[in-house]
Structure formats: C-alpha cells, structure tokens
C-alpha cells in the first residue's frame, strides 16, 4: 500500500464515516472498511477506476470534483480524504472549503514539489520527474503543484487549521527540513 | 441476433400467465376484479429462494426479456444482451423473472382484454394504472412464485421507476435496486412530450373515445405520431446527426412533402412499425403512469424523506447523452439516498446512445452491471 495511505488509515477513527475524493480503484476505502470498520463512499471521475470500485464492492459516485460536493449535505462525514489528488484540481480553494463543509475533518496528501530532487531538476532546467511525480510535463494530469510551505500558507489564508502533519520520503517519516527532504506530505486538518 | 445454439442465450423461452382473483385496488381508486400477469422466467430458483432478480420493462417492451420463442426464433427478448448464461445478469447464478405490467397489450390484462362486467373489451373503461399498482401486482406474482425477497430488482427508464418503487412499497423484500436512465419524477418538459403523444392519439378520428375495438379500427395515425415524438426524445441530437446527417434520400430536395431527409424516413418507419403492434389505449395509460410517478409528492416534494423507507442497496446509472432523463435527475436520487445514508453507487457514463443507451451494449455499462451482480451475496 502507498505510504501515505497507511498513514491515512491510522488517522481514521474506528467506525468513522468516510468520503474519499479521487478514490481510484477503491483500495483505501476497502482497507478502511476492513481495518477500521469505517463505511464510506468514493468519488471518482475516470471510467476505469469507477469500474474497479464496483468490482471491489466499494460504493463509488461518478461525479466531477471540480463542480464541488453538492451531492453531500453539510457535516455528513466524519472524515473527508483527498489523497494525492489535490495537485490535479483546478479549483483548489473551493474543494478544500467544500471538504470541510461536508466533513468534520479533512485528510490531504500530495507530492511535495519542494523536495530537493525536484528543486535540483528545475535548477538544471528540466521539469521534475520522480517516484512521487511520475509524469512527463506533456502528459501529467497535475495542474497545481505546491510545496509544503505553499500548502500551509494557503491553509492559513483560508482559515483551515492543521491538526497533524506527516512528511515522508521512501515511506519513512522525515522530521528534519521536511520541505527539502520530504517527497510526500500528509495533513489532518479541520476548520480554524 | 442470437442463433439458437448461442451458449450465452437462455434458449427458447416460454411465456406464462398467472391469474389472480383477489381484486387489485388501484392508486386511482378503481379496482380490477380479476387480472392476469404474463411473465417469463430464466434460470433456476435456488433452494433457499434467495437468487431471484426481477426485470422491469419500460414503455413498449414486455415480459419477453431474454431468449427467443421456439415458433419465432427472430423474436429475441428486449434485454437479451444482458440476461443469459455467462452474461452480466447471469442465469447460471440468478433466477430471472420478467413480468408484463397491467394495462399492457402483450399478455397481461389490459384495455384490449375482456371486461368481465360487460363481456366486451375494456377499451376506454380500463382504469389508469400507476407504477405503485404495478409493483403491487408484481408482489403478488412474487408470492405466487414463492419469492419472499428479490436479490435485486432492475430496470431502465419506466422500468427503473418500478425498481425504485419496490424499495418503498416493500423495503424488506428487495436486496438491491438497480435504477438506470431514470428520474424520481418527470419534468414539465417530459410531461409535455407525453401530452403531445396522447393528443395525437386522442384526436385521431379512429380513436372513438378509446372504444375503437368494437368499431374494428385502430388509431394508427395517432400512434404513429406519438411514437415519432417519443423516438425523438430517446436518442440524442448527436446520435441522430451521426446516424442520418442531412442526407437526402433522392439526392436533391424534392420541393414537395415526400421524404427528403433520411431522418424523416427513419421516423416514419418507426411510427409505422410501432402502430402495427402497439395498442393506443395502452400507450395513453403508460404515459400517464410516467407522469404520475413522484414518490416525493406525499412528502411535500422532499425526496430525502420519501426515500427514508428504502433499505436496499442501490446502483444508479445515467448516460450523459440522455436528454429525456438527464444525469441531473439521477443525481437528485443519489443525493436523497446519501442524505439517508443508504448504500449507493452512481455511474454517469459518457455513452452516445441517449435515453436508449440503457438497452445498448456499452462495454463499461455492461462491465459495471456484471461486477455489481457478481458481488451480490445470495
């Protein structure tokens, strides 16, 4: 399992109602059900991923995150998860606000563009390609890259309180100079 | 077309009839003293009686869901691409029941049947029936077949409305509701199309207020126009453009009122075909059943409250090119189910077929149904 997903499973309380935005094939939701007895729904737009969710017996809703979360009532989830999807969203601020409208708590993970290898590649005049940023510039689904510092600045500006942060590289926690040495960041946040 | 030896066909199907002598009290207040339901079944009911799936049909279909008739091998069931051994709704695993609604012209008691009170065809006197009435009649058929609980009820369009109504009328008797290309109520625009179709029929001089059977005539002109209007709404503008373009049948404009464009020829053909086998009184009643369906009406228009009774798990499917029942109508149902914390999955497929896409074999659509059925625990 992807290292950020392991962290997310541990942060979700037993029996919590979960919404996983950009849920892919539903693997996280399955683990949450098996390990935490947390029922939930996934939101996914890609046909193949939606079909995989149905095959995995995971509740999936094929709607576009860019239009907000109008299907979901205020406060209807304990936990809303956005794992490695933030960077693919055009209307980032709207979605973060929507997450904390429908959920009491949000969990967000994203590849850290501040990692030294990305910085180095840019310095050398190339767009970064790495394990956490696996795409070439011309085929990437990512539209909004950010660093750990950028994300925390945005949270502060729009009134989102960060409750917990885990920065990883190669699946291991990074505590020293996380914005330089971490390639993946995971946050637990609530309304400010 | 399925050849008789096709191993994925259920093979020769047998239409059966169940007769009921307990009167059926209808939502509109009338009562059917006795009635028959035509049905077909495929596969075998297991010993625990847990593997039954009810397939509900839409406007112009029937209980002939899959397979063919031994005496007419070209008469293949309307959802044969979905139902059969090894098909998405696998008859090796499920016992599939197709039942014909009351008011139909294909076997169940309807306007052309004999009214026991007069000894003549019911005609205009046949009562208006509703989706709720059909579910009640299907429930009695289920009792007759020894089915306490359906593993699933599935339908598209008007059939999907029955699949939804089952979760409200008999929440304990349905495990999964599969609601495809549907709406929890018609829009005024939908009703308007239905009304034009009804007016076409009722203003046909051969309609005789619905008592045309005894006059030995059929209001075919009205039925033709009704079908043409319906057909326009079943396919998307893009599909129509792709299929017909602006191709002229005679190569150049005729500057007359014969057929110029291919699409005119197609509509006339569909209208002619339909009016040769469908009953006008049935058409009037099914369009009314569509118009009246609105489970939220009793709850001040609050669909969330209306669906609170439902216990089933749901699969809701819509098609982006469907402008008769748009995806937005399906999302209304999904939202109400989510508000009620029901188990629900929702697919919004980018398939080109319009409303009729539910009858077609889009690989994603069929793959989803296949997986969904495979995951149903018996």
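Numbers below:
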read-out: Matching residues, the range A:148-169, being assigned to a loop (DSSP other than H, G, I, E, B) and touching a strand residue (DSSP E or B) at 6+ places or on another chain (Cβ under 9 Å); value: A:159
read-out: Subset of the range A:146-170 [within 20 Å of residue A:6 (Cα to Cα) and either touching a helix residue (DSSP H, G or I) at 6+ places or on another chain (Cβ under 7 Å) or modelled with pLDDT of 95 or more (or both)]; value: A:148, A:162, A:163, A:164, A:165, A:166, A:167, A:168, A:169
read-out: So residue B:97, is it in contact with a helix residue (DSSP H, G or I) (Cβ under 8 Å, 6 or more places away or on another chain), surrounded by 23 or more Cβ atoms within 10 Å (Cβ to Cβ) and farther than 17 Å from residue B:375 by Cα; value: yes
read-out: Filtered residues of the range B:228-246 (kept if within 18 Å of residue B:261 (Cα to Cα), touching a residue at least 24 places away in the same chain (Cβ under 8 Å) and assigned to a helix (DSSP H, G or I)); value: B:228, B:229, B:231, B:232, B:237, B:238, B:239, B:242
read-out: Any hit, the range A:29-48, residues being modelled with pLDDT of 95 or more, in contact with a helix residue (DSSP H, G or I) (Cβ under 8 Å, 6 or more places away or on another chain), part of a loop (DSSP other than H, G, I, E, B) and within 12 Å of chain B (Cβ to nearest Cβ); value: yes
read-out: Members of the range B:336-350 found to be in contact (Cβ under 8 Å) with a residue 24 or more places away in the chain and either assigned to a helix (DSSP H, G or I) or within 10 Å of chain A (Cβ to nearest Cβ) (or both), listed by number; value: B:336, B:337, B:339, B:342, B:343, B:344, B:345, B:346, B:347, B:348, B:349, B:350
read-out: Number of the exception - residue A:78 against (1) touching a helix residue (DSSP H, G or I) at 6+ places or on another chain (Cβ under 8 Å); (2) at pLDDT 95 or above; value: (1)
read-out: Subset of the range A:135-192 [within 16 Å of the chain's Cα centre (by Cα), touching a residue at least 60 places away in the same chain (Cβ under 8 Å), farther than 18 Å from residue A:84 by Cβ and surrounded by fewer than 16 Cβ atoms within 10 Å (Cβ to Cβ)]; value: A:190
read-out: Boolean, residue B:152 is over 15 Å from the mean Cα position of the chain (by Cα) and assigned to a strand (DSSP E or B); value: yes
read-out: Test: residue in the range B:211-220 that is part of a helix (DSSP H, G or I) and more than 22 Å from residue B:96 (Cβ to Cβ); value: yes
read-out: Meets criteria (part of a loop (DSSP other than H, G, I, E, B), touching a strand residue (DSSP E or B) at 6+ places or on another chain (Cβ under 7 Å), under 25 Å from residue A:143 (Cβ atoms) and within 13 Å of chain B (Cβ to nearest Cβ)) for residue A:19; value: no
read-out: All positions within the range A:1-16 that are within 13 Å of residue A:79 (Cα to Cα) and either outside any helix (DSSP H, G or I) or touching a helix residue (DSSP H, G or I) at 6+ places or on another chain (Cβ under 6 Å) (or both); value: A:9, A:12, A:13, A:14, A:15, A:16
read-out: Only listed residue being in contact with a helix residue (DSSP H, G or I) (Cβ under 8 Å, 6 or more places away or on another chain), modelled with pLDDT of 95 or more and within 20 Å of residue B:169 (Cβ to Cβ), chosen from B:110, B:156, B:146; value: B:156
read-out: Residue list for the range B:73-89, restricted to those being surrounded by fewer than 19 Cβ atoms within 10 Å (Cβ to Cβ) and farther than 23 Å from residue B:60 by Cα; value: B:85, B:86
read-out: Residue satisfying condition, being within 7 Å of chain A (Cβ to nearest Cβ) and either assigned to a strand (DSSP E or B) or crowded, with 18+ Cβ neighbours inside 10 Å (or both), within set B:365, B:372; value: B:372
read-out: Residue B:315 vs. criteria outside any loop (DSSP other than H, G, I, E, B), within 11 Å of another protein chain (Cβ to nearest Cβ), more than 18 Å from residue B:185 (Cβ to Cβ) and within 23 Å of the chain's Cα centre (by Cα); value: yes
read-out: The range B:290-312: number of residues that are in contact (Cβ under 8 Å) with a residue 40 or more places away in the chain, within 14 Å of another protein chain (Cβ to nearest Cβ) and outside any helix (DSSP H, G or I); value: 1
read-out: Selection from the range A:54-102 of residues that are farther than 25 Å from residue B:330 by Cβ and either at the interface with chain B (Cβ under 9 Å from one of its Cβ atoms) or not in a helix (DSSP H, G or I) (or both); value: A:78, A:79, A:83, A:84
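The values are calculated or read from the model by the stated rules, or taken from the named source; none is laboratory data. No experiment lies behind these values; they were computed from the predicted model shown. Cβ atoms come from the backbone with ideal geometry, glycine included; neighbour counts cover every protein chain shown.
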